[in-house]
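The values are calculated or read from the model by the stated rules, or taken from the named source; none is laboratory data. Since we're looking at a predicted model, the values are computed, not measured. Heads up, the Cβs are rebuilt from the backbone with ideal geometry, glycines too, and the neighbour counts pull from every protein chain shown.
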């Protein structure tokens, strides 16, 4: 029996994931358009092992063979973990606990066949344990330690990407995907008073920035136009997402964010 099934049988996993239901709906506004770009055809929906795009906007069939799709799926998980850790530090414990658990239902269940095929050890238990620790009162430092451990696990999973080491074009494509999600999510957040859409977008933004910083040298040499467009988009996003805590007013214009994200995607040299 999988970790998720064991938790659900106990009623704990079901409660955690149920608490994430509304944020998941908000995510779809940002994620589903990107699923089509990453290879999901018209009319496809979250069919998991059947190969259709999952709730996180990832074509799970393509993830087994396309490194950009595969690494984008991992980046979506990373975004939630970074957002959860930052939310806990900001005192937003309910949102942090939900954010840690959310990728299990949104990404990891649908990606399980791909992980098996590529030899990735399941790690949903790490996310659910972090979520539980959040609700049980673990302090922000302890939760950051858990988040860092999950990020290390994601780094290890990234080494199993189809095709071997990611090319500069793949890396730029993954960053552009995160930027696109952050831009779309900001528009959703502006139309809602809920905290979760903003926190989702913040996670996508900081993950795009982290991947950019980790790969700046290779992008500078091999994807200079993409890096320039990525940096321009990140500069706009930094003003839209100044902290993990939602500002009282979301004053940035969503239009330029979406336009900048489109420029980043178009600038990637394949």
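Remarks
- Residue check, residue 78 touching a helix residue (DSSP H, G or I) at 6+ places or on another chain (Cβ under 7 Å), modelled with pLDDT under 95 and buried (at least 23 other Cβ atoms within 10 Å of the Cβ): no
- One residue stands out in region 136-157 among those that are over 16 Å from residue 82 (Cα atoms) and free of Cβ contacts under 8 Å to residues at least 60 places away in the same chain: the one that is surrounded by the most Cβ atoms within 10 Å (Cβ to Cβ), namely 138.
- Qualifying residue in region 101-117 (condition: over 22 Å from residue 242 (Cβ atoms) and free of Cβ contacts under 8 Å to residues at least 24 places away in the same chain): yes
- Residues located in region 123-155, provided they are closer than 13 Å to residue 78 by Cα and out of contact with any helix residue (DSSP H, G or I) (no Cβ under 7 Å at 6 or more places or on another chain): 148, 152, 155
- Any hit, region 179-198, residues being free of Cβ contacts under 8 Å to residues at least 60 places away in the same chain and either crowded, with 17+ Cβ neighbours inside 10 Å or touching a helix residue (DSSP H, G or I) at 6+ places or on another chain (Cβ under 6 Å) (or both): yes
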